[in-house]
């Protein structure tokens, strides 16, 4: 609804409006099972997709083997920065505008982030 208001008032294209309403979020990108993904940053857990439920539009980060911790087959977690449009109230990501995988050390060295545990 806010996006529609921005379009109507300013005459911005939908891409311009989304970019102006976007947020850069960096933290642990988790994809533990098919269709489930979220980003844990210093402000909480941002849901990107739920198996059988809503999925954010846009491309997920692409991780190299060195940037990815496998926890269940090909699934696991890595460090990423994503520019997103999200609902702050529900902490649900609706659009991923850009996504960049980062070295694991970037998240491990950030004292505000806690690395996801590995299953035993």
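Every number in this text was worked out from the coordinates using simple rules, so none of it is lab data. Every value quoted in this text rests on a predicted model; they were computed, and no experiment measured them. Note that we place each Cβ from the backbone using ideal geometry, even for glycine, and neighbour counts take in every protein chain shown.
The stretch between residue 59 and residue 21 holds 11.9 nm of extra length on full extension. This uses 0.36 nm per residue minus the Cα-Cα distance. For segment 23-108, the square roots a ≥ b ≥ c of the C-alpha gyration tensor eigenvalues yield an a/c of 1.5 or more together with a/b not exceeding b/c, which makes the shape oblate. Each residue, residue 98 and residue 74, gets one label point 7 Å from its Cα in the Cβ direction; the gap between the two is 2.7 nm.
Of the DSSP beta bridges with both residues in segment 52-120, give the percent that are antiparallel, rounding to the nearest 5. Around 95 percent of the beta bridges assigned by DSSP in segment 52-120 are antiparallel ones.
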